[in-house]
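The values are calculated or read from the model by the stated rules, or taken from the named source; none is laboratory data. Predicted model, so just to flag it, every value in this text is computed and none were measured. For neighbour counting, all protein chains shown are included, and Cβ atoms are generated from backbone atoms with ideal geometry for every residue, glycine included.
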Number of protein chains: 2
Amino acid sequence: MVVANGYFWTAPITALVAVIAAVYYIRWIHRQDRGTEAMIKIQNAVKEGSLAFIKRQYSTIGIIGAVIAGILFLAIDLTRYGGKPYTLIAFLIGVTTSLIAGAVAMIVAADTNARSTEGARRSKNDALVTAFRGGLVMGLLVVSLSLLGISVLYFVYSNWRSTAVPAPQDIIGFAFGASFAALFAQLGGGIYTKAADVGADLVGKVEAGIPEDDPRNPAVIADNVGDAVGDCAGRGADLFESITGENIGGMIVGLTFYLSLTSLGINEKVAVNFIIFPLVARGWGLMVTLLASFFVRLDESEEDPMTPLRKAYNINVIGAVIVFGILIYTMLARPLGDQYGSMALFGFMFGAALLGLFLAWVIMAITDYYTNYHYRPVKSIAEASKTGAATNIITGLSVGMESTAIPTLMIIVAIMGSFIFGERYGALYGSKFAGEGSLISNPVLWGVYASTIATMAMLSVTGMILAMDGYGPIADQAGGVAEMADVGEDVRRTMEALDAVGNTTKALAKGYGMASAGLAALLLFQAYLEDLSREAKGLYGEGHIEVNITNPHILMGALVGAMLPFIFTAMSLGAVGRAAKGMIEEVRRQFREIPGILEGTEDPDYGKCVDVSTKSALREMIIPSLLVTITPVLVGIIFGAVAVAAFIIGATFSGIMLGFTLNNSGGAWDNAKKLIEAGQFGGKGSEAHKAAVVGDTVGDPAKDTSGPSIHVLVKLINTVALVFIPVFIYFDKSFNISDLFDKLGL
Amino acid sequence: MVVANGYFWTAPITALVAVIAAVYYIRWIHRQDRGTEAMIKIQNAVKEGSLAFIKRQYSTIGIIGAVIAGILFLAIDLTRYGGKPYTLIAFLIGVTTSLIAGAVAMIVAADTNARSTEGARRSKNDALVTAFRGGLVMGLLVVSLSLLGISVLYFVYSNWRSTAVPAPQDIIGFAFGASFAALFAQLGGGIYTKAADVGADLVGKVEAGIPEDDPRNPAVIADNVGDAVGDCAGRGADLFESITGENIGGMIVGLTFYLSLTSLGINEKVAVNFIIFPLVARGWGLMVTLLASFFVRLDESEEDPMTPLRKAYNINVIGAVIVFGILIYTMLARPLGDQYGSMALFGFMFGAALLGLFLAWVIMAITDYYTNYHYRPVKSIAEASKTGAATNIITGLSVGMESTAIPTLMIIVAIMGSFIFGERYGALYGSKFAGEGSLISNPVLWGVYASTIATMAMLSVTGMILAMDGYGPIADQAGGVAEMADVGEDVRRTMEALDAVGNTTKALAKGYGMASAGLAALLLFQAYLEDLSREAKGLYGEGHIEVNITNPHILMGALVGAMLPFIFTAMSLGAVGRAAKGMIEEVRRQFREIPGILEGTEDPDYGKCVDVSTKSALREMIIPSLLVTITPVLVGIIFGAVAVAAFIIGATFSGIMLGFTLNNSGGAWDNAKKLIEAGQFGGKGSEAHKAAVVGDTVGDPAKDTSGPSIHVLVKLINTVALVFIPVFIYFDKSFNISDLFDKLGL
C-alpha cells in the first residue's frame, strides 16, 4: 500500500523548519534586554500568574481528558479497531500538542512583554519587532505542531494498520483532541481574562478611581495574565483546531478521490496526492509565512505600526497564491491531466484557491470596517452613546447583527464558486478521462474537492494571522509594564500606539477565526458524510448519503443544532458574570482590609486575584464544555447518524451568525469607547463616555469569551461526530422506535 | 367535484357568530360611561392619534400592496391561471381583512381605555371586564375574519375554477396578503411604539424629571397610541397571519390525503374532510373561546386579576381538547376507520392534538418563568443591576438565550411525538386498509398530517391569547388615562394592578406568538414541498421532494436563511434608534420653545409628536419589509426551488432562537426593573435602578419591535415561497449555470 510519496515528506520537513525558526526566535527574545528592575518584577509576576493558570488548567483538562480517552477506547477502539488504541492515542496526542503550543505561546508572551517595552525605549521599530516575534512564535508553533502531529500519525497509523488503502479517518481522534483542548482553552481562558478584566475595571477604575494598569490594583496582574490566557492560548488553540480539522477533513475527502482514481487504474503514487495535498500545502504555506514575517519592520518611527503588519499579510497572501499555483499544478493537475487537459484541471482548482484567499482577504477588510473607528458603524455607536447606555447597546447589537451579512455572502461566494468550478470542469475532465457515468465524472465529487481547496487556501495564511493575533496581548502586556514600571511618557505613548494596533489585529483574527471555523466545519461535515457512507456500508442508502430535511427525524436534529450556540452562549456569558462577581468581591476585600494599598505603601496580593480568576474559570468551563461534547452524541443516539449531519449544519449556521454578531459588536463597542476617549462626542469623562464604558464592558465577554468559544464549538461538534460514527451506526442498527412501541404493547 | 360538505358550512357560520359577538361587545363598550371630561379629552386624543396613524400607515401599505399585487398578477396569475386574477384578488382580500381586523382592534382599544378607567371607579371587576372585552373584540375578529376569508375564497375559487379536485393552493395569495399586512403592521407599529416610548421616557422622565404618563409630556399621547399600534394591531396581524398560514397550509397538506383517498375509491365527501378539517376545527375552537371568555370575572375585589384570565385560558384549553376529540372522531376517524379500527385512528390523531395543546400550555408556563419576577431569571438580572448597567445587560442577554432551550425542546417533542404517532399508526391503518405499498400506507404522509393536527390544536386557543394580549394595551392606556386625568389614588392603584397583569399577558402572548409562528412555518414548509411537488410534475424527482443539504446549491439556501433574521433584526433595532432620535429631538424642542409646558400653563403639541412617530415608523418599515419579501424570491431564482425549502428552514430555526431571545430578554429586563421598583435590590432611585432602566430601554425594541417582527418574518417567507412556486419552476427549467459558462465560452 502506498500512503505517501516524495511530496509528503516535505510536510514534516517544513514543519520542522518552522519549529526550528520558532526556537530561534525564542532564543532571540531571551537575548533581548529585560529593562529596569521594576519591569523585571512585573514581568515575573505575569509569568508566574500565567504558569500558575496553565498548571491548574492543564490538570483539569488532563483529568477530564483521561475520562474521555477512556470512553473513546471503549466506544470506538474496541468496536472499530478490535481494541487497538488508535483513537485513544491520537486523541491524547491531539490534546497534548494543542496544549503545548498554547503553553509555549503564553510563556513566550510573558517573556516578551517587558522586552518589547524595553525595545520602545530604543525605538518604535524595536518594540514592534520584539512583540511581533513573540506572536510569530505562536503562529509558527501552532501550525507546525498540528502539521507534525498529523503527518506522523497518518504515516505511522497507515503503516501500523497495514490496511489496503490509506486511512486518514483513523487519526480523527487527533482532531477531536485538538477540539477538546481548544474548547477548554478558549472558554476557560475567555472566562479568566474577562473576570479579571471586569473585576479590575469595575472596582479599580470605576470605584477606586485609579487608572488602567495601575500597580495598586490587586487585579492588575490577573488582568495582564488574562490577555495571554485568552488571546494567546485561546486563539492559538482555536486555530490549531481549525487547521487540524481542515487538514484531516481534507484528507478524508481526498480518500474518496484516491479510491476512485486507483479503481480506474491510476498509479497509487499519483492518486495519493489527493490525500496528502492538504499537508503539503500547509507546510509550504508556513514557509511563505516565515518569509513574509521578515517584512515586519518600521522604517521611520512616525509610521503607523499597522502598515508593516498589513504589508507582511499581503505578501503572505501573494506568496500563498504562488505556492498553491505550483502545488496544484505539480501534484494534482499535471500528473492526472497529461492527456486530457491539465490546464483545465489546474484552472478550476487554482480558481478555487484564489476564491479562498480572496475570502480571507475580504473577511479582514469587513471586520476592519465594522470594528475600526474610522468607519460608519463604530461612529454610529459612539454617537448613540450621547443619548445614554441604552442607545449605545441597541446600536452595538444592531451593528453586530448587520456585520453577519457580507461575511456570510462571501462564504457563499467562495463555497459556491469553487463548487461550481469543480462540478463543471472536474466532471468534464472525468468523463473525458474515464467516460460518462464513471466514478470520477461525478460532479459532486469534484465540487466538494474544489471547495476543500478553497478552504485550504483560506487557512494557508493562518500562521501570519496568529502571529498578528499573538502580537496583540504582548503589546497589551507591554503597555501594562510601561504603565506600572513608570518608564516615562514617551515609551508609554509608543506602547499605546502599538497596543491600539494590537486591538485591531486581535479583532481581525477573530473575524478570520469565525470565517475559517465556518469553512472548516463545512469541510468536516463533508468528511463526516463520506466517512459515514464508507463505514455504514449501505445502511443509509447506496452512494453519497442524503440528508433530507423534509424528514422530521432529521430536521429536528437541525433544530437542536440551531439551539446549541444560543444555550452555550447563555452559559458562557453567565459564567463570566459569576466569575467577575467573585473577582469584584476579592478586589473590594483587599482595598478594605489592606488600607495601605491605595496610598501605595503596601503591595496588594496579586496572587490571590490570579487564584480567584483561575479557580472560577476552571469551575465554570466544565459544564458548557461537556454540554457541547455530549449533545452531538445524544443527537446521534436518539435521532440517528443522518440527523447528526443536520445537527451539524444547524449549529454551524446559527453559530456563524451568533459568532460574528458577538465578536463584531464587542469590537465595535470597544472602539466606540476609544473614539470617545480620543475626544469625539464629548470625550473622556462625558456622559457619552460613561455610556460607552457600559457598552465596552458588555462587549468584553461577547468578543473575548462567548464569540471565540463559538468558533471552537462549530468544529468540535464535527470532530465529535466523526469520532462517534461507529456508535451512531450501532444504535441505528439496533434501536428502532417501532420496536419500542411493540415492546410496550402499543 | 366535491369541495365541501355539511361540516364545512359550520366554519363560516361559527365565524359569523363570532363576528356578531364582537359587534355585540363593541356596542356594549360604547354603552359604558366614559367618565369625566378630562378622561374624555384624553381618550379622544388617543383615538385621534390612532386614527391618524392608521390612515397614514394604511395608505403606505396600500401603495406598496398595489405594486406587489401587480407583480403577483404578472408573475403568477398570467402563468399559472391564464390571466385569471386569483392570486391578485386573494392577496388584496388578505391584506384588507388583516388590516380591518387590526384597525377595529385599535379603535376599540381607544374606545375602551377611559371606560375601563371609569369602571375602576366602580370596582376592579368592572375595570377588568371592560378592558378584557375590548381585547376580546380583537381576539374574535382576528380569528373570525381570517376564517371567513379563507372559507369564502376556498369555496368560491374551487367552484369558479371548476378544477377536477379542490384547490386550496389557489387561495395562498390570501395568506401572503395576511403576511404582507402583518409585517408592515408589526414592524411599523413596533417602531412607532418604541420611538414614542423611548422619546417620552428619555426626555420626559430622565431629563425633565416628570413622571410616567404626565400630561405635560408632549410624547405622552404618542406613547399611548403606540401601545395600541404595536400590541393590538401588531400582535393581531401577527396571529392573523399565523392562523391563516396554518389553515391554508393544513388544507394544502390535506389535499394530498384527499388525492390518495379518492384514488382508493373513498367517497369524495369523506375525503374532503381532510382538507376542511382545519377550518372546522378553527371555527368550533372559536366558539369555545367565546364560552370561556364568560369566566373572566373577579369575584372579590382583592383577588389577583391574573387569576380569572388564567382560569378562562385553562377552560379554553380543556374545551379545545373536547372539540378536537369530537371533530377528529366524527370527521376523520369514524368515516375512514369503520372496518379497520377507527379507535386507532382516533387515538393517534387525538394524541397529536393533545401534544399541541400541551405545547401551548408549556410555552406559556416557560415564558412566565423567564419573564416573571417571582422566579430565578428575572431576579438574577435585578441582582446583577447592583454592579451596574453592563452586568444587567450581560445577564439579560444570557437569560434570553437560555430561554430558547425548553421551548425548542418542547417544539421538538410536539412535532416528533405527533409525527411518530402518525408514522406508526397511520401507516398501520393504511396498509390494513389498502395494502402495503399503497399511497396511504406511506408513514411520512400520516406523520405530516399528525404534526398538522398538533399545530392546529396549538393554534386553537389563539382567540383567547389575543383577547388577553389585547387587554394589555387597553389596561396600559387606561392606566395612562387614570394618571393624566387625575382620578384619584384608588383608581390609579387599581389600574396599576391591571396594567401589571397586562404586561404579563403581553409577554405570554409573545411567547405563544413565537412558538406558533415556528409551528406554522414548519407546516407551511410541508405545504410548500407538497405544492411544489404537484406543480413541478417530476422536475425535482418523483414522489416527495427531497431537500438534500449535502448539495451545496441547496445548503447555501439555508445559510442565507440563517442570516436573514439577524440582518432584519439589525435593521429593526437600527430603525427604532433612528426614530427615537427624531422623537427625542421633537420633545426637547417643545420643552425649549414652549416654556409654559413644564409649568403646566400651556398644552404641549401632542399631535406633532404623533406625527413624528408616524412618519418615521412608516419611513423605516419599508426597506426591512422589502428585504424579507424579496430575499426568498431571489433565493429561488438564483439557487432554485429546492434551495428555497432549505432557506425556509434556515430562517425559521435561526428566527426561532433570535425571537425567543429578544422577546424574553426584553420581558425579563422590564420586570427586573419593576422588581427593583418594588423595593428589592436597592429600590427606586438606587444605582441598581438606574442600571435596570438601561436594561429596560434596551429590552423595549427587542421585545416590542424586533422579536415580534421575527414571528412575522418566519411565516412571510413561507407564503412568499408558496406564491412564487411557478416563478421558481420557470427559472429552474430555463436557467442553468452550465449554459451560462457555455455562452461565455468557458
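If you go through region A:163-172 one residue at a time, do you hit one that is among the polar types (S, T, N, Q) and over 30 Å from A:L309 (Cβ atoms)?
yes
Which of the residues belonging to region A:284-314 are part of a helix (DSSP H, G or I), in contact with a helix residue (DSSP H, G or I) (Cβ under 6 Å, 6 or more places away or on another chain) and either charged (D, E, K, R) or over 22 Å from A:W361 (Cβ atoms) (or both)? Working first, answer last.
Of the residues in region A:284-314, the ones part of a helix (DSSP H, G or I) are A:284-295, A:306-314.
Among the residues that remain, those that are also in contact with a helix residue (DSSP H, G or I) (Cβ under 6 Å, 6 or more places away or on another chain) are: A:284-290, A:292-293, A:295, A:306, A:309, A:311-313.
Within region A:284-314, A:K311 is the sole residue that qualifies.
Return the total of residues in region B:730-746 being within 14 Å of chain A (Cβ to nearest Cβ) and in a helix (DSSP H, G or I). Step through it out loud before you land on a result.
So in region B:730-746, the residues within 14 Å of chain A (Cβ to nearest Cβ) come out as B:735-746.
Subset that is in a helix (DSSP H, G or I): B:737-743.
Adding up the residues that qualify gives 7.
Just the residues that are within 14 Å of chain A (Cβ to nearest Cβ) and of a type in the set (A, V, I, L, M), please, taken from region B:177-210.
In the first step, residues of region B:177-210 are kept if they are within 14 Å of chain A (Cβ to nearest Cβ); the result is B:190-191, B:194-195, B:197-207.
Within region B:177-210, B:I191, B:A195, B:V198, B:A200, B:L202, B:V203, B:V206 meet the criteria.
For B:T550, work out the one condition from (1) over 25 Å from A:H544 (Cα atoms); (2) in contact with a Leu (Cβ under 7 Å, 6 or more places away or on another chain); (3) within 11 Å of chain A (Cβ to nearest Cβ); (4) not charged (D, E, K, R) it doesn't fulfil.
Failing condition for B:T550: (1).
Does B:I638 qualify as being within 14 Å of chain A (Cβ to nearest Cβ), farther than 30 Å from A:S380 by Cβ and assigned to a helix (DSSP H, G or I)?
Working: within 14 Å of chain A (Cβ to nearest Cβ): yes; farther than 30 Å from A:S380 by Cβ: yes; assigned to a helix (DSSP H, G or I): yes.
Yes: the conditions hold for B:I638.
Here are some residues: A:I412, A:I363. Which one is surrounded by fewer than 24 Cβ atoms within 10 Å (Cβ to Cβ) and not hydroxyl-bearing (S, T, Y)?
Values: A:I363 fails: surrounded by fewer than 24 Cβ atoms within 10 Å (Cβ to Cβ).
Result of the check over A:I412, A:I363: A:I412.
Any residue at all in region B:378-386 that is assigned to a helix (DSSP H, G or I), surrounded by fewer than 24 Cβ atoms within 10 Å (Cβ to Cβ) and among the hydroxyl-bearing types (S, T, Y)? Let's see the steps before the verdict.
So in region B:378-386, the residues assigned to a helix (DSSP H, G or I) come out as B:378-386.
Imposing the further condition that a residue be surrounded by fewer than 24 Cβ atoms within 10 Å (Cβ to Cβ) reduces the set to B:379-380, B:383, B:386.
When the remaining residues are screened for being among the hydroxyl-bearing types (S, T, Y), the result is B:380.
Yes: one or more hits.
Each row is one residue, and each column tells you yes or no for (1) over 30 Å from B:A485 (Cβ atoms); (2) more than 7 Å from chain A (Cβ to nearest Cβ); (3) within 30 Å of the chain's Cα centre (by Cα).
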site: B:S516; (1), (2), (3): yes, yes, yes
site: B:A521; (1), (2), (3): yes, yes, yes
site: B:R578; (1), (2), (3): yes, yes, yes
site: B:T601; (1), (2), (3): no, yes, no
site: B:V610; (1), (2), (3): no, yes, yes
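Give A:A558, A:A562, A:A517 a once-over and let me know the one that is closer than 13 Å to A:G245 by Cβ, of a type in the set (A, V, I, L, M, F, W, C) and either in a helix (DSSP H, G or I) or in contact with a Gly (Cβ under 6 Å, 6 or more places away or on another chain) (or both). So that I can check it myself, show each step before the final result.
Numbers: A:A558 fails: closer than 13 Å to A:G245 by Cβ; A:A562 fails: closer than 13 Å to A:G245 by Cβ.
The match here is A:A517.
Looking at region B:632-677 only, could you name the residues that are surrounded by fewer than 24 Cβ atoms within 10 Å (Cβ to Cβ) and β-branched (V, I, T)?
Matches in region B:632-677: B:V633, B:I637, B:I638.
Of A:V698, A:V712, A:V693, A:V727, which residue is under 26 Å from A:Q186 (Cα atoms) and more than 14 Å from chain B (Cβ to nearest Cβ)?
Values: A:V698 fails: more than 14 Å from chain B (Cβ to nearest Cβ); A:V693 fails: more than 14 Å from chain B (Cβ to nearest Cβ); A:V727 fails: under 26 Å from A:Q186 (Cα atoms).
Going through A:V698, A:V712, A:V693, A:V727 in turn, just one is under 26 Å from A:Q186 (Cα atoms) and more than 14 Å from chain B (Cβ to nearest Cβ): A:V712.
Which ones in region A:77-108 are under 20 Å from A:I465 (Cα atoms) and either within 18 Å of the chain's Cα centre (by Cα) or of a type in the set (K, R) (or both)? It would help to see each step written out before you state the result.
Taking region A:77-108 and keeping what is under 20 Å from A:I465 (Cα atoms), we get A:97-108.
Answer for region A:77-108, where residues must be under 20 Å from A:I465 (Cα atoms) and either within 18 Å of the chain's Cα centre (by Cα) or of a type in the set (K, R) (or both): A:T97, A:S98, A:L99, A:I100, A:A101, A:G102, A:A103, A:V104, A:A105, A:M106.
Quick check on this structure: which one of A:S451, A:S441 is under 18 Å from B:H553 (Cβ atoms) and either within 10 Å of chain B (Cβ to nearest Cβ) or modelled with pLDDT under 95 (or both)?
Values: A:S441 fails: under 18 Å from B:H553 (Cβ atoms).
From the options A:S451, A:S441, the qualifying one is A:S451.
Here are B:G422, B:G388, B:G400: which of them is of a type outside the set (S, T, N, Q) and more than 9 Å from every other protein chain (Cβ to nearest Cβ)? Working first, answer last.
Values: B:G388 fails: more than 9 Å from every other protein chain (Cβ to nearest Cβ); B:G400 fails: more than 9 Å from every other protein chain (Cβ to nearest Cβ).
Only one candidate passes the filter, namely B:G422.
Which pairs have Cβ atoms under 8 Å, sit 6 or more apart or on different chains, and link a residue in region A:36-50 that is within 11 Å of A:V481 (Cα to Cα) and part of a helix (DSSP H, G or I) to one that is of a type in the set (S, T, Y) and at pLDDT 85 or above?
A:M39/A:T117; A:A45/A:Y606
Mind checking whether some residue in region A:496-504 is buried (at least 22 other Cβ atoms within 10 Å of the Cβ), within 13 Å of chain B (Cβ to nearest Cβ), of a type in the set (G, A, S) and not in a loop (DSSP other than H, G, I, E, B)?
So far as region A:496-504 goes, no, none of its residues is buried (at least 22 other Cβ atoms within 10 Å of the Cβ), within 13 Å of chain B (Cβ to nearest Cβ), of a type in the set (G, A, S) and not in a loop (DSSP other than H, G, I, E, B).
Looking for whichever is facing chain B (nearest Cβ under 8 Å), part of a helix (DSSP H, G or I) and closer than 30 Å to A:A688 by Cα here; the options are A:I411, A:I393. Which one fits? Even if it seems obvious, please write down each step before you answer.
Numbers: A:I411 fails: closer than 30 Å to A:A688 by Cα.
None of the other options fit; the residue is A:I393.
Quick check, is A:L309 surrounded by 20 or more Cβ atoms within 10 Å (Cβ to Cβ) and farther than 30 Å from A:S431 by Cβ? Even if it seems obvious, please write down each step before you answer.
On the way: surrounded by 20 or more Cβ atoms within 10 Å (Cβ to Cβ): yes; farther than 30 Å from A:S431 by Cβ: yes.
Taking the combined requirement at face value, the residue satisfies it.
Only one residue in A:T629, A:T569 is within 30 Å of B:P552 (Cα to Cα), touching a residue at least 40 places away in the same chain (Cβ under 8 Å), among the β-branched types (V, I, T) and surrounded by 24 or more Cβ atoms within 10 Å (Cβ to Cβ). Which one?
Numbers: A:T629 fails: surrounded by 24 or more Cβ atoms within 10 Å (Cβ to Cβ).
Among A:T629, A:T569, only A:T569 is within 30 Å of B:P552 (Cα to Cα), touching a residue at least 40 places away in the same chain (Cβ under 8 Å), among the β-branched types (V, I, T) and surrounded by 24 or more Cβ atoms within 10 Å (Cβ to Cβ).
Consider B:G470 carefully, then state whether it is surrounded by fewer than 24 Cβ atoms within 10 Å (Cβ to Cβ), closer than 23 Å to B:V323 by Cβ and out of contact with any Phe, Trp or Tyr (no Cβ under 8 Å at 6 or more places or on another chain).
Values: surrounded by fewer than 24 Cβ atoms within 10 Å (Cβ to Cβ): no; closer than 23 Å to B:V323 by Cβ: yes; out of contact with any Phe, Trp or Tyr (no Cβ under 8 Å at 6 or more places or on another chain): yes.
No, not satisfied.
Please state which of the following conditions B:E677 fails to meet, knowing it meets all the rest: (1) within 25 Å of B:D213 (Cα to Cα); (2) within 14 Å of another protein chain (Cβ to nearest Cβ).
(2)
Among the residues of region B:681-689, is any at pLDDT 95 or above, in a helix (DSSP H, G or I) and aromatic (F, W, Y)? Show your work before the answer.
If we filter region B:681-689 for residues that are at pLDDT 95 or above, which is where we start, we get none.
Checked against the condition, which is being at pLDDT 95 or above, in a helix (DSSP H, G or I) and aromatic (F, W, Y), region B:681-689 yields no hits at all.
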